[in-house]
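K.L.:
Before anything else, here's the structure in question.
The values are calculated or read from the model by the stated rules, or taken from the named source; none is laboratory data. Just so it is clear, the model here is predicted, and its values are computed rather than measured. With ideal geometry, Cβ positions are generated from the backbone for all residues, glycine too; neighbour counts draw on all protein chains shown.
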């Protein structure tokens with residue numbers, strides 16, 4: 001099964017502790033983009049003029065994808081822009097993906113404490129090898145400049161859009177970063193449009209930061 | 001049950017609307033950065049002392065009026081440009097790209113000057129307070145460097161002071177400033193209560209330019225309202241309302257407070273008193289009437305207010321550099337952010353390094369922290385922002401001259417033209433009277449050195465624009481249009497599609 005969102009979740013969280021590797025807004029927008037990317041890849045939704053359109057309203061097998069697609073269908077007549085969907089889905093996307101991983105038995109919940117107070121929930125990977133796999137696979141391929149399949153390429157695109165690539169390619173020479181840049185440019189148009197807006201939205205979040 | 005027909009209300013729109021900002025939040029965000037006590041206790045008193053002009057109170061009110069007129073066109077244009085909040089995008093879309101890049105260089109210099117100058121005030125006030133209340137003698141530059149270290153760390157960690165804390169501090173500052181003003185008016189010097197320093201006649205006196213730019217400096221920060229235009233519930237009205245409220249409240253507070261100072265000392269003695277007591281003047285005047293506790297509270301709020309302003313301007317510079325780096329108008333490396341915190345890391349570090357160098361320079365030169373660093377440098381920053389506002393006003397006129405975009409005449413032409421003329425007039429007077437502003441001899445080369453730094457920055461900007469046009473036409477074409485339009489800003493722009501999903 002193609003589960004880009006799971007892979008992005010693994011990539012964006014520490015494989016041992018489950019703590020985020022990115023700032024909160026980048027995780028939210030990245031996870032939202034990963035959910036939309038799954039539906040784009042399964043050709044349930046498309047991108048037309050920077051707006052999300054429904055291509056296929058038959059329900060996907062996965063429960064989370066079913067839920068997201070239903071939301072898109074319910075608002076189909078309004079044809080919201082990618083940026084609107086990223087902002088909307090971002091509010092719950094990380095938690096939703098974590099719950100999908102929880103249902104599949106890949107993570108368990110732990111209370112996150114600060115100064116003895118519970119401040120949130122951490123989803124801790126059950127198996128470090130499973131959690132570290134997307135990072136190991138992608139990092140190896142990119143560092144060896146090997147051509148990427150579609151799915152790893154999408155993941156590489158999400159990593160670049162969210163700023164995770166500096167972690168993915170930590171210490172790699174500049175040519176490897178160039179290789180990543182060149183590779184993601186070969187993605188098909190709807191995916192590139194999605195990643196374009198993900199990158200821009202995360203950049204804007206830096207500018208419009210407020211407490 | 002799903003339906004493709006439009007439901008009556010949009011779940012997406014409603015959910016997103018809930019997290020949007022109202023007028024009050026926007027006013028708080030920008031006014032907290034303006035830090036009222038910094039201006040009423042520090043800016044106004046230094047203004048009296050150094051410029052020797054008694055017209056400071058009326059200058060605050062006059063500048064508030066000019067800025068309100070400026071805001072009309074500025075807010076109107078913010079509805080039609082992306083990347084709102086950065087003066088250079090208005091200027092490049094109104095007056096052309098070379099002017100935009102020149103404005104970007106001026107802005108970087110001006111906001112840096114505002115921020116770095118505040119270290120002088122922070123260092124001197126903190127060191128004075130420690131000495132006076134605890135008998136601990138610490139050099140001003142050590143206090144300033146301690147503040148610098150905190151700002152540098154908080155900048156990279158992207159820690160802002162919590163919004164609620166900031167709001168409480170702001171309200172407390174306003175309350176203290178208003179209380180002090182009332183106390184001072186209630187205990188006038190021999191002459192009794194007189195409105196002579198509020199006389200419009202001062203606006204035509206010989207020294208008014210220096211007073212006006214001192215006042216402009218106090219308002220810097222209000223222009224940030226438009227940054228939030230995309231996050232408000234009703235961008236059309238919220239931003240306009242918030243901007244006018246911010247200008248009106250700060251203007252009234254500053255004007256009243258500066259006027260109260262002249263009442264307590266008597267209009268004829270204010271300059272001498274300010275020269276004697278510097279930033280302590282306001283506290284010295286109210287001490288006999290309100291007691292030590294309130295004065296201590298005022299002192300502490302003065303220090304925290306300076307720190308909040310320091311941090312806020314630090315973030316402003318960091319974000320400005322980030323946005324310029326992201327669009328490749330300045331080296332792309334400045335567009336780097338911290339992965340873990342999302343702070344504009346490169347921009348923040350650049351600002352901190354610059355501030356450190358300047359601070360050490362002033363400390364080694366044994367310069368006076370209040371006169372030479374706090375007043376000279378922040379007022380120079382104010383001059384830069386004044387230049388930017390004048391150019392922006394002209395840009396608004398040109399922008400709407402090409403396309404009306406459904407804005408009424410008052411927004412498009414009348415108000416912006418009026419603002420351009422008024423701001424241009426203030427700018428002329430300021431540069432003409434810069435020697436008075438600095439308190440130096442009219443023949444001193446310093447009077448030209450400070451304004452010339454902006455001319456130098458502008459020329460550098462123009463040269464840089466020319467180089468960009470030759471070397472990076474893709475970057476040049478999208479200057480000022482925001483990151484969404486700039487292909488150089490995004491690795492996912494252009495190029496031919498190839499890899500497609502096979503599922």
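K.L.:
Test residue A:36 against the stated conditions and say whether it is within 17 Å of the chain's Cα centre (by Cα) and modelled with pLDDT under 95. Show your work before the answer.
P.N.:
On the way: within 17 Å of the chain's Cα centre (by Cα): yes; modelled with pLDDT under 95: no.
Considered against the rule, which asks whether it is within 17 Å of the chain's Cα centre (by Cα) and modelled with pLDDT under 95, residue A:36 comes out as no.
K.L.:
From the residues in segment B:182-222 that are part of a helix (DSSP H, G or I) and free of Cβ contacts under 8 Å to residues at least 24 places away in the same chain, which one is nearest to residue B:385 (Cα to Cα)? Reasoning before the result, please.
P.N.:
Start the filter on segment B:182-222 by keeping residues that are part of a helix (DSSP H, G or I), which leaves B:182-186, B:196-198, B:200-204, B:208-219, B:222.
Those still in the list that are free of Cβ contacts under 8 Å to residues at least 24 places away in the same chain too: B:201, B:204.
Details: B:201: 26, B:204: 23 Å.
Step by step, filter segment B:182-222, then rank; the result is B:204.
K.L.:
Further, regarding this structure: Against the definition (on the phi < 0 side of the Ramachandran plot, exposed (fewer than 14 other Cβ atoms within 10 Å of the Cβ), at pLDDT below 90 and touching a helix residue (DSSP H, G or I) at 6+ places or on another chain (Cβ under 8 Å)), how does residue B:137 come out, yes or no? Even if it seems obvious, please write down each step before you answer.
P.N.:
Working: on the phi < 0 side of the Ramachandran plot: yes; exposed (fewer than 14 other Cβ atoms within 10 Å of the Cβ): yes; at pLDDT below 90: yes; touching a helix residue (DSSP H, G or I) at 6+ places or on another chain (Cβ under 8 Å): yes.
Yes.
K.L.:
What about residue A:190, is it under 21 Å from residue A:6 (Cα atoms) and in contact (Cβ under 8 Å) with a residue 60 or more places away in the chain? Break it down stepwise before answering.
P.N.:
Working: under 21 Å from residue A:6 (Cα atoms): yes; in contact (Cβ under 8 Å) with a residue 60 or more places away in the chain: yes.
Against the criterion (under 21 Å from residue A:6 (Cα atoms) and in contact (Cβ under 8 Å) with a residue 60 or more places away in the chain), residue A:190 qualifies.
K.L.:
Let me ask another. List the pairs whose first member sits in segment B:223-243 and is away from chain A (no Cβ under 13 Å) and in contact (Cβ under 8 Å) with a residue 40 or more places away in the chain, whose second member is buried (at least 19 other Cβ atoms within 10 Å of the Cβ) and outside any helix (DSSP H, G or I), and whose Cβ atoms are under 6 Å apart, counting only residues at least 6 apart or on separate chains?
P.N.:
B:238/B:232
K.L.:
Scanning for something more than 9 Å from chain B (Cβ to nearest Cβ), farther than 23 Å from residue A:14 by Cβ and either touching a helix residue (DSSP H, G or I) at 6+ places or on another chain (Cβ under 8 Å) or buried (at least 23 other Cβ atoms within 10 Å of the Cβ) (or both), does segment A:191-206 turn up at least one residue? Step through it out loud before you land on a result.
P.N.:
Our first condition is that a residue be more than 9 Å from chain B (Cβ to nearest Cβ); within segment A:191-206, this holds for A:201.
Filter once more, so that each one left must be farther than 23 Å from residue A:14 by Cβ: A:201.
If we keep only those that are either touching a helix residue (DSSP H, G or I) at 6+ places or on another chain (Cβ under 8 Å) or buried (at least 23 other Cβ atoms within 10 Å of the Cβ) (or both) too, we end up with A:201.
There is at least one residue in segment A:191-206 that is more than 9 Å from chain B (Cβ to nearest Cβ), farther than 23 Å from residue A:14 by Cβ and either touching a helix residue (DSSP H, G or I) at 6+ places or on another chain (Cβ under 8 Å) or buried (at least 23 other Cβ atoms within 10 Å of the Cβ) (or both).
K.L.:
Now, a different point. Any idea how many residues of segment A:121-138 are exposed (fewer than 13 other Cβ atoms within 10 Å of the Cβ) and part of a loop (DSSP other than H, G, I, E, B)?
P.N.:
The number of residues fulfilling the criteria is 1.
K.L.:
Considering only residues of segment A:175-190 that are part of a helix (DSSP H, G or I) and at the interface with another protein chain (Cβ under 7 Å from one of its Cβ atoms), which is surrounded by the fewest Cβ atoms within 10 Å (Cβ to Cβ)?
P.N.:
Within segment A:175-190, the subset part of a helix (DSSP H, G or I) is A:175-184, A:189-190.
Now drop any that are not at the interface with another protein chain (Cβ under 7 Å from one of its Cβ atoms), which leaves A:181, A:184, A:189.
Numbers: A:181: 15, A:184: 25, A:189: 13.
By that ranking, first place goes to A:189.
K.L.:
Looking only at residues in segment B:28-55 that are in contact with a helix residue (DSSP H, G or I) (Cβ under 6 Å, 6 or more places away or on another chain) and within 13 Å of another protein chain (Cβ to nearest Cβ), which one is nearest to residue B:373 (Cα to Cα)?
P.N.:
It comes out as B:33.
K.L.:
Next up: Kindly evaluate residue B:248 against the criterion of being surrounded by fewer than 23 Cβ atoms within 10 Å (Cβ to Cβ), under 13 Å from the mean Cα position of the chain (by Cα) and touching a residue at least 40 places away in the same chain (Cβ under 8 Å). Even if it seems obvious, please write down each step before you answer.
P.N.:
On the way: surrounded by fewer than 23 Cβ atoms within 10 Å (Cβ to Cβ): yes; under 13 Å from the mean Cα position of the chain (by Cα): no; touching a residue at least 40 places away in the same chain (Cβ under 8 Å): yes.
Spelling it out, it is not the case that residue B:248 is surrounded by fewer than 23 Cβ atoms within 10 Å (Cβ to Cβ), under 13 Å from the mean Cα position of the chain (by Cα) and touching a residue at least 40 places away in the same chain (Cβ under 8 Å).
K.L.:
Let me ask something else about it. For segment A:97-119, does any single residue satisfy the condition of being out of contact with any helix residue (DSSP H, G or I) (no Cβ under 7 Å at 6 or more places or on another chain), within 14 Å of another protein chain (Cβ to nearest Cβ) and either at pLDDT 90 or above or within 30 Å of residue A:53 (Cα to Cα) (or both)?
P.N.:
No, segment A:97-119 has no match at all.
K.L.:
Within the bounds of segment A:22-33, is there any residue that is over 22 Å from residue A:123 (Cα atoms) and surrounded by fewer than 18 Cβ atoms within 10 Å (Cβ to Cβ)?
P.N.:
Filtering segment A:22-33 down to residues over 22 Å from residue A:123 (Cα atoms) leaves none.
The answer is no, given that none of the residues of segment A:22-33 is over 22 Å from residue A:123 (Cα atoms) and surrounded by fewer than 18 Cβ atoms within 10 Å (Cβ to Cβ).
K.L.:
Which residue out of A:77, A:87 is surrounded by fewer than 15 Cβ atoms within 10 Å (Cβ to Cβ), within 14 Å of chain B (Cβ to nearest Cβ), out of contact with any strand residue (DSSP E or B) (no Cβ under 6 Å at 6 or more places or on another chain) and closer than 14 Å to residue B:12 by Cβ? Outline the logic, then answer.
P.N.:
Values: A:87 fails: surrounded by fewer than 15 Cβ atoms within 10 Å (Cβ to Cβ).
None of the other options fit; the residue is A:77.
K.L.:
Mind telling me which of the residues A:56, A:49, A:70 ends up being surrounded by fewer than 17 Cβ atoms within 10 Å (Cβ to Cβ), within 11 Å of chain B (Cβ to nearest Cβ) and farther than 14 Å from residue A:3 by Cα? Lay out the reasoning, then the answer.
P.N.:
Working: A:56 fails: within 11 Å of chain B (Cβ to nearest Cβ); A:49 fails: within 11 Å of chain B (Cβ to nearest Cβ).
The unique qualifying residue is A:70.
K.L.:
Within segment A:161-174, take every residue that is in contact (Cβ under 8 Å) with a residue 12 or more places away in the chain and surrounded by fewer than 24 Cβ atoms within 10 Å (Cβ to Cβ) and give me the one that is nearest to the other protein chains (Cβ to nearest Cβ). Can you show your working first?
P.N.:
We begin by selecting, within segment A:161-174, every residue in contact (Cβ under 8 Å) with a residue 12 or more places away in the chain; these are A:161-165, A:167-169, A:172.
This time we only want the ones that are surrounded by fewer than 24 Cβ atoms within 10 Å (Cβ to Cβ), so: A:167-169, A:172.
On the way: A:167: 6, A:168: 10, A:169: 12, A:172: 15 Å.
The residue in question is A:167.
K.L.:
Modelled with pLDDT of 90 or more and under 26 Å from residue B:386 (Cβ atoms) - does that describe any residue in segment B:149-161?
P.N.:
Taking every residue of segment B:149-161 in turn, at least one turns out to be modelled with pLDDT of 90 or more and under 26 Å from residue B:386 (Cβ atoms).
K.L.:
Considering only residues of segment A:144-155 that are touching a helix residue (DSSP H, G or I) at 6+ places or on another chain (Cβ under 6 Å) and more than 11 Å from chain B (Cβ to nearest Cβ), which is surrounded by the most Cβ atoms within 10 Å (Cβ to Cβ)?
P.N.:
A:155
K.L.:
Provide a single number: the residues in segment B:436-476 that are in a loop (DSSP other than H, G, I, E, B) and either under 20 Å from residue B:325 (Cβ atoms) or touching a strand residue (DSSP E or B) at 6+ places or on another chain (Cβ under 8 Å) (or both).
P.N.:
Of segment B:436-476, the ones in a loop (DSSP other than H, G, I, E, B) are B:439-445, B:472.
Remaining after also requiring either under 20 Å from residue B:325 (Cβ atoms) or touching a strand residue (DSSP E or B) at 6+ places or on another chain (Cβ under 8 Å) (or both): B:472.
Within segment B:436-476, residues that are in a loop (DSSP other than H, G, I, E, B) and either under 20 Å from residue B:325 (Cβ atoms) or touching a strand residue (DSSP E or B) at 6+ places or on another chain (Cβ under 8 Å) (or both) number 1.
K.L.:
Now for a different question. Looking only at segment A:34-45, filter to residues that are within 11 Å of chain B (Cβ to nearest Cβ) and surrounded by 15 or more Cβ atoms within 10 Å (Cβ to Cβ); which one of those is farthest from residue A:149 (Cα to Cα)?
P.N.:
Of segment A:34-45, the ones within 11 Å of chain B (Cβ to nearest Cβ) are A:37-44.
If we keep only those that are surrounded by 15 or more Cβ atoms within 10 Å (Cβ to Cβ) as well, we get A:37-42, A:44.
Numbers: A:37: 15, A:38: 15, A:39: 18, A:40: 16, A:41: 13, A:42: 15, A:44: 21 Å.
Checked segment A:34-45; the qualifying residue farthest from residue A:149 (Cα to Cα) is A:44.
K.L.:
Picking from B:164, B:133, which residue would you name as being away from chain A (no Cβ under 14 Å) and assigned to a helix (DSSP H, G or I)? I'd like the intermediate steps shown before the answer.
P.N.:
Values: B:164 fails: away from chain A (no Cβ under 14 Å).
Residue meeting the stated conditions: B:133.
K.L.:
Return the only residue of B:24, B:49, B:32 being at pLDDT 80 or above and either touching a strand residue (DSSP E or B) at 6+ places or on another chain (Cβ under 6 Å) or within 20 Å of residue B:228 (Cβ to Cβ) (or both). Outline the logic, then answer.
P.N.:
On the way: B:49 fails: either touching a strand residue (DSSP E or B) at 6+ places or on another chain (Cβ under 6 Å) or within 20 Å of residue B:228 (Cβ to Cβ) (or both); B:32 fails: at pLDDT 80 or above.
B:24 is the lone residue from the list that is at pLDDT 80 or above and either touching a strand residue (DSSP E or B) at 6+ places or on another chain (Cβ under 6 Å) or within 20 Å of residue B:228 (Cβ to Cβ) (or both).
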